[in-house]
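Colleague: What follows is a structure written as structure tokens; I'll ask about it next.
The values are calculated or read from the model by the stated rules, or taken from the named source; none is laboratory data. Keep in mind it's a predicted model, so treat the numbers as computed, not measured. Virtual Cβ from ideal backbone geometry, glycine too; neighbours counted across all protein chains shown. With ligands, DNA and RNA removed, areas are computed over all heavy atoms of the protein, side chains included. Shrake-Rupley method; radii C 1.70, N 1.55, O 1.52, S 1.80 Å.
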Amino acid sequence: MIRFILLQNRQGKTRLAKYYVPLEESEKHKVEYEVHRMVVNRDSKFTNFVEFRTHKVIYRRYAGLFFSLCVDITDNELAYLECIHLFVEILDHFFSNVCELDLVFNFHKVYLILDEFILAGELQETSKRAIIERMSELEKLD
Amino acid sequence: MEQLKTIGRELAMGSQGGFGQSKEFLDLVKSIGEARSKAEEDRIVLSEIDTLKRKLLEPDIPKRKMKEYIIRLVYIEMLGHDASFGYIHAVKMTHDDSLLLKRTGYLAVTLFLNEDHDLIILIVNTIQKDLRSDNYLVVCAALNAICRLINEETIPAVLPQVVELLNHGKEAVRKKAIMALHRFHRKSPSSVSHLISNFRKRLCDNDPGVMGATLCPLFDLVSEDVSSYKDLVSSFVSILKQVTERKLPKSYDYHQMPAPFIQIKLLKILALLGSGDKSASEIMYMVLGDLFRKCDSSTNIGNAILYECIRCISCIIPSPKLLEAAADAISKFLKSDSHNLKYMGIDGLGRLIKISPDIAEQHQLAVIDCLEDPDDTLKRKTFELLYKMTKSSNVEVIVDRMIDYMISINDNHYKTEIASRCVELAEQFAPSNQWFIQIMNKVFEHAGDLVNVKVAHNLMRLIAEGFGEEDDDADSKLRLSAVESYLQIISEPKLPSLFLQVISWVLGEYGTADGKYSASYITGKLCDVADAYSSDETVKGYAVSALMKIYAFEIASGRKVDVLPECQSLIEELLASHSTDLQQRAYELQALLSLDARAVESILPLDASCEDIEVDKDLSFLNGYIQQAIESGAQPYISERERSGMLETTDYHSQDHHEVPSHALRFEAYERPKPASVPTQASTELVPVPEPSYYREAHQPISTSSVSERESSDIKLRLDGVKQKWGRPSYQSSTSASSTPPQAANGTSSHPDVGVGSSSLKPRSSYESKKPEIDPEKQRLAASLFGGSSSSRSDRKSSSGGHKPAKGTANKPPKENPIPVQPPPDLLDFGEPTATSVTATDPFKELEGLMDSSSQDGGSTDVMGLYSDAAPVTTTTSVDSLLSELSDSSKGNPGIYQSQTSKGLNSKEALEKDALVRQMGVNPTSQNPTLFKDLLG
């Protein structure tokens, strides 16, 4: 199960944070700080997995942005690594060539996309097209 | 000129900014981006909070404005500030009729509120209403919120409606309803236990998305109760088969694998169902074999599926053919240059090793490379593997390595884990008592405060009871060596408390036992301990008890006791201690000193810690009294269990029942992972303790006495499983090599060099011919780690066939890779944008470069100039794409994702976007260079 998803830039600024388990505010800040510290200095050759307390963080870097997923210790690391990538592909599709600025200014839309992709800590839909179609229906409302 | 026009148009849009937000909001985001320090950022956010507080109170806020305020609240919260003053407005917004606002409201509350927040109660009603809505988008929004906000208490309020929605016409609704039920099941299994048939039905849903989502709850259900789902094995297998045969819509393909995420989920379920079930496993053979053939091992996702197959095979009862396929996949992983794949390979190895123990042998060098890798994640995984493959022949090397690593790290969580593993391995496989005590000393010294108290009790017990059942001589030798080592360590500064407790206890029991050390020497040391750790009451308590024992032994043996002056002053100090525990101990000690030899002997007999003390747990001596009371009209006692009407309380503690089937509140954050090794649930059951060997310790009022008693039952239980391995056989094998079975030929583990010599001689010659650069140090390590089995293997070979060298090389070549090949472009490594090829030009990067040069040059800050410079690049290539690196790396598979095909169009879009950003003031002019720095590093 996914515990949380974080998007952070290299300075550790949170661009998006979604928690699937209830955490206190202070705990969230601590988590964000710790995760950033863990992933930002890792050699690019190293594994994209880091143990984090009693779970593990799967992260992937795109330009200046780190996408981190905290999952159970028994989960399939590679699958979640690709799950991040699928998410980025969806974002890329939705924003047509996504850049960090898109995410900064449209973070609320990113949350909406995420809600179509992952729900209650599990992958809900893995078809890019299904998600994009749903989003375009929502977009029509704007 | 085109750009100028764009900018003009954007300017004309006025306050309504390009991204659908007002200028105010964009300014906020921009100024946050520009903030040079955390303090500055905080200042901006605080003033924004003030603004919002004011604005939210204004009457008649237009809806669009209101929506934006809420989004601004979300932004504030995301930056780590408290926006709770606005929560109520978000809640109100969920009541709005407009879907746009409703959705924003739901989004905000799911981000703001935890499921136990007071405001939830105001939303439940709205959710109920929205679930009935005709607009399926409203229903979806409500279901999204349910997945985050509904807790055990509110489940019943929405459950019937959610169940109804399982048959909704829109697949999106069915999917979300399934996920909501899945979430209910996690929160409170009993709430949905009657709905299991619904999940089964949804498995056959026409929409693959719904089917895929249904696998989530089914996985949980199956893992709780495998036997009820055996009938689904063939269904799952046939779904998996259909998926692999590309029967699902193409849109589920990911990097040319058909619905890989669904495949992985299915494999996880199959692993559960096939575990220990031959006939179920057999149904899976075919499809698993197909998967191994079909999976594209050049992509990550293909490897993810392969890895899941390996996991599945390690759970089910596999066929030899599948095992072989799994082993092949693992060796591919291990030979890869990608750390990720190596990691997966090591993990897979750890899983398969329990089925085919030989499998690690051919990868020994790869394993050692991983062990010495600077990447901690990989290293730890490798330690996990070593832990699984430890046997008496390699325990010393492995535990030494583990301890070295343990000393080198600061992460307490992992330190605890590795320390407990060291202890476990040492208990199981220790070749000698001295070694065991040495290892325990090291563990305690470096991770003492992290070690479970049980471990300390265990160690004390082992020293007290000895290892050989009848060999008193060996026992006393062991005790002596323990005492000696402790006397050496005791003067070191800052020992962990737990370790000092062990030391004190052992010195008290056995310090003077064989007469090597005088009572005054030992008591002096104990007083030093009590003195040096005067703030630690537990240690002091242990020290005083130890003093008492020493003096008791002296008195009992008729020697005259001279109480050291420092000891006398210690007693006096403790007589006035604030701690009643210490006070009592001091009084007891003082009283004891005045008793005669016979009395003392009966109070504290020598070496009585192993004596069995009968504990009458049923309190049968009270029976007469109870009988009398009942006869005179008292109510018979009803146990708490019967009173509360819950008869299966013991079940709650079994590991798989992580939920209490009642509607009690439950606020758990992270579930604790199941302990990897030690079965702890035993401790919760009230098993009569056959040998409460710490009774003497426990009855002295240590604050944790009840705990330690329970602990001792635990120790007892645990050791039973370990005993054979620990006890005689391995102990003997180290002392009398003649009796060892041939397989443990280098069970001459006390001289690892012999093992190295014999086992690595032949392999080494073959290495040298093929791969001269292998570090001999590594080979030694390999031999000592894998030596046991490899030597036995080569023995087997030499007896079967004559030409050893050929066989030796045939066995080894896979891992020989003479020239370290330049790693192929790592698919995962999107690390440095600069490392990618020219096609992936990042205009922001360029702008940054330009910006730099312009700031150096001083003058030329002409925005348009910059722009036209950048333009030629952007028209031909992808622009500011996070995925640009991706497109580079996936060149081999053209058309993998569609945005690639529409690049031409995108470049124009990107231009516009760029212009837009610029227009909003987010441009690399001298005004705000830090935003750019911030965004692109």
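Colleague: Once the piece of chain linking residue B:534 and residue B:561 is laid out straight, how much longer is it, given 0.36 nm per residue of separation minus the C-alpha distance between them?
Modeller: The span from residue B:534 to residue B:561 would gain 7.2 nm if fully extended.
Colleague: Let me ask something else about it. Considering only protein heavy atoms and a probe of 1.4 Å, how much of the accessible area of segment B:252-340 is carbon and sulfur, as a whole percent?
Modeller: The value for segment B:252-340 is 54 percent carbon and sulfur by accessible area.
Colleague: Spin-label point model (7 Å from Cα, Cβ direction): what's the residue B:388 to residue B:247 distance in nm?
Modeller: The two pseudo-label positions are separated by 3.3 nm.
Colleague: Provide a whole-number value for the mean count of partner chain Cβ atoms within 10 Å of the Cβ atoms in peptide B:376-383.
Modeller: Averaged over the peptide's residues, the number is 3.
Colleague: Given the pairs B:442/B:477; B:55/B:170; B:321/B:354; A:13/B:65; A:56/B:176; B:129/B:170, which span a C-alpha to C-alpha distance of over 28 angstrom in this model?
Modeller: Check vs 28 Å cut-off fails for B:55/B:170.
Colleague: Measuring from label point to label point, each 7 Å out along Cα→Cβ, what is the residue B:477 to residue A:129 span in nm?
Modeller: About 7.7 nm, to one decimal.
Colleague: I would also like to ask the following. In the structure displayed, which of A:140/B:102; A:45/B:250; B:381/B:494; B:388/B:778 lie more than 23 Å apart, Cα to Cα?
Modeller: A:45/B:250; B:381/B:494
Colleague: Whenever you get a sec, compute what percent of the accessible area on segment B:452-602 sits on carbon and sulfur atoms (1.4 Å probe).
Modeller: Here it works out to 48 percent.
Colleague: Another question about this same structure. Once you put a point 7 Å from the Cα of residue B:92 and another 7 Å from the Cα of residue B:54, both along the Cβ direction, what distance in nm separates them?
Modeller: 1.9 nm
Colleague: Of the cross-linked pairs B:187/B:247; B:230/B:391; A:109/B:53, which ones have a Cα-Cα span greater than 26 Å in the structure shown?
Modeller: The answer is B:187/B:247; B:230/B:391.
Colleague: Nearest 100 Å² is fine: how much accessible area is buried between B and A, summed over both sides, with a 1.4 Å probe?
Modeller: Adding both sides of the contact gives about 8800 Å².
Colleague: Given the C-alpha centroids of segment B:148-179 and segment A:1-77, what is the distance between them in whole angstrom?
Modeller: Here the two parts' Cα centres lie 30 Å apart.
Colleague: Could you work out what % of the accessible surface of segment A:2-141 is carbon and sulfur, using a 1.4 angstrom probe and leaving DNA, RNA and ligands out of the count?
Modeller: That share works out to 50 percent.
Colleague: With a probe of 1.4 Å, find how much accessible area segment A:2-141 has per residue, and write the answer as a whole number in Å².
Modeller: Spelled out: the 1.4 Å probe surface of segment A:2-141, per residue, equals 26 Å².
Colleague: Taking 10 Å² as the minimum loss, tell me which residues in segment B:336-366 lose that much accessible area going from the chain by itself to the full protein complex (1.4 Å probe).
Modeller: With the partner chains in place, segment B:336-366 has these residues losing at least 10 Å²: B:339, B:340, B:343, B:344.
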